[in-house]
Amino acid sequence: MTEQMARIPVFDGHNDVLSRLLREGREGAEERFLNGQKNVHIDLPRARQGGLVGGLCAVYVPSPGREPDANGDLPRVERESALDQTIAQAALLRAIEAKSDGALQVCVSAREIRAAMAAGRFAAVFHIEGIEAAGPDLDLIPVLHAAGLRTLGPVWSRPNIFAHGVPFRFGHGPGLGPGLTEAGRELIRLCNRLKIMVDLSHMNDAGFWDVARISQAPLVASHSNAFAICPHSRNATDAQLDAIRDTGGLIGLNFGVKFLHPEGRADTELDISVMVRHIDYLVQKVGIDHVALGSDFDGTLISNRIGDAAGLPRLFAALSEAGYDDEALAKIGHLNWISVLERTWGA
Ligand code: ZN
């Protein structure tokens, strides 16, 4: 089995390239992405090498600290700094598009994603992970939608005025903290009206079920794994997977070793077979049409066995050896993501 044989176009459910580029420095960020750089998970040359043809590019507002408070929650983010970061990262995505000479396109429909893929353009989707930039009036949401926002996670793993992000805890389920606030319930209804996808990764259990009760859209966890294999609070429980299946939703495999390893170890030599085990389990629970990838590239610690976006063919080679046929690989690689986005956004 050569990597060439297993190269599958990948539309990926989560990367943190925008916040990573800004953390390094705004100057020259477009060129670093477009021309390539050292020691990162994603840039355009690596994406092309690995068959990564697009994905959800997250705006992620950095936390003021990583020290949990007495309740075990990570510190909240002030709205003003969240708004600054959100605008800066969204602007960077547009600046990369503008300088890319057609190599990257910000897509707002499934049709645009398919056309970009066919033309060899990286199909980027504007996503926000933690909507601290919005106030309880939600005025920012339609403005961001007009600017191309098509998917959002109400929370990262910290509380805000809408919901309670799940703290990172190995050996504990996602049942940590309360569910949606009244503003959070309004946010979900507004996302439904605007056809913005609601991402449940980073939501705690109470919030997950509040969204499941309110939302009319398929339930999606863009970058989470199977709790049954790796009992981490960030992963999806069997009951959550049942709900994802029942709504025709989707779960994207997170490549982060701490969310994969059965003992929760940050093992940088973790074997690709563990990723295959998660995929096997997820497929058995939700079906082959509802499992995809959500790498978390540039946002988490990944095994050297994958390394970066150029290593994606190694995952597909392992899946192929485990018995997944070409149709199944294409579904996991990109078809399932495009399908759930189309069903959420409309044609
Ligand atoms: Zn995340």
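Give me the extension gain from ASP69 to GLU269: residue separation times 0.36 nm, minus the current Cα-Cα distance, reported in nm with one decimal. Mind showing how you got there, number by number?
On the way: separation 200, 0.36 × 200 = 72.00 nm, distance 3.23 nm.
Net length gain for the segment: 68.8 nm.
Taking the mean number of other Cβ atoms within 10 Å as a proxy for protection, how do you rank 252-259, 23-30 from highest to lowest? Provide the component values of the computation, followed by the final result.
Working: 252-259: 26.2, 23-30: 13.5.
Result, highest mean first: 252-259, 23-30.
Which lysines, if any, have their Cα less than 27 Å from the Cα of LYS331, not counting same-chain residues under 8 positions apart?
Result set, ordered by chain and number: LYS195, LYS258, LYS285.
Using a 1.4 angstrom probe on heavy atoms only, work out the carbon and sulfur share of the accessible area of the chain in %. Before the final figure, lay out each step's value.
On the way: 6590 of 13060 Å².
Reported share for carbon and sulfur atoms: 50 percent.
What are the radius of gyration and Dmax of region 42-141, computed over its Cα atoms and given in Å?
Answer for region 42-141, Rg first and Dmax second: 16.4, 52 Å.
Under a GNM of the chain (C-alpha, springs under 10 Å), which listed residue has the highest mean-square fluctuation: ILE87, ILE332, ILE279?
Of ILE87, ILE332, ILE279, the most mobile in the Gaussian network model is ILE87.
For the chain, what is the relative contact order in percent, using Cα pairs closer than 8 Å and at least 6 residues apart in sequence? Please report the intermediate quantities before stating the final value.
Values: 768 pairs, mean separation 70.9, N = 347.
Averaging sequence separation for qualifying contacts and normalising by length gives 20 percent for the chain.
Once a ≥ b ≥ c are taken as the square roots of the eigenvalues of the Cα gyration tensor of region 215-337, is the result rounded (a/c under 1.5), prolate (a/b larger than b/c) or oblate (a/b not larger than b/c)? List each step's numbers first, then the result.
Details: a/c = 1.68, a/b = 1.23, b/c = 1.37.
The shape class here is oblate.
Calculated FRET efficiency, ASP101 and LEU190, Cβ-Cβ r, R0 35 Å, to nearest 0.05?
Once rounded, the FRET efficiency stands at 0.45.
For GLU132, GLU186, what's the largest-to-smallest order of accessible area, 1.4 Å probe? Please list the in-between numbers first.
On the way: GLU132 10, GLU186 70 Å².
Reading off the accessible areas and sorting them downward yields GLU186, GLU132.
How large is the Kirkwood hydrodynamic radius of the chain, counting all unique pairs of alpha carbons, in Å?
Working: mean 1/r = 0.0507 Å⁻¹.
Roughly 19.7 Å, rounded to one decimal.
Compute the separation of the alpha-carbon centres of region 272-296 and region 162-184 and state it in Å as a whole number.
Result: 24 Å between the Cα centres.
The values are calculated or read from the model by the stated rules, or taken from the named source; none is laboratory data. Just so you know, these numbers come straight off a predicted model, no measurement behind them. With ideal geometry, Cβ positions are generated from the backbone for all residues, glycine too; neighbour counts draw on all protein chains shown. Quick note on the areas: whole protein, heavy atoms, side chains included, nothing else; ligands and nucleic acids left out. Shrake-Rupley method; radii C 1.70, N 1.55, O 1.52, S 1.80 Å.
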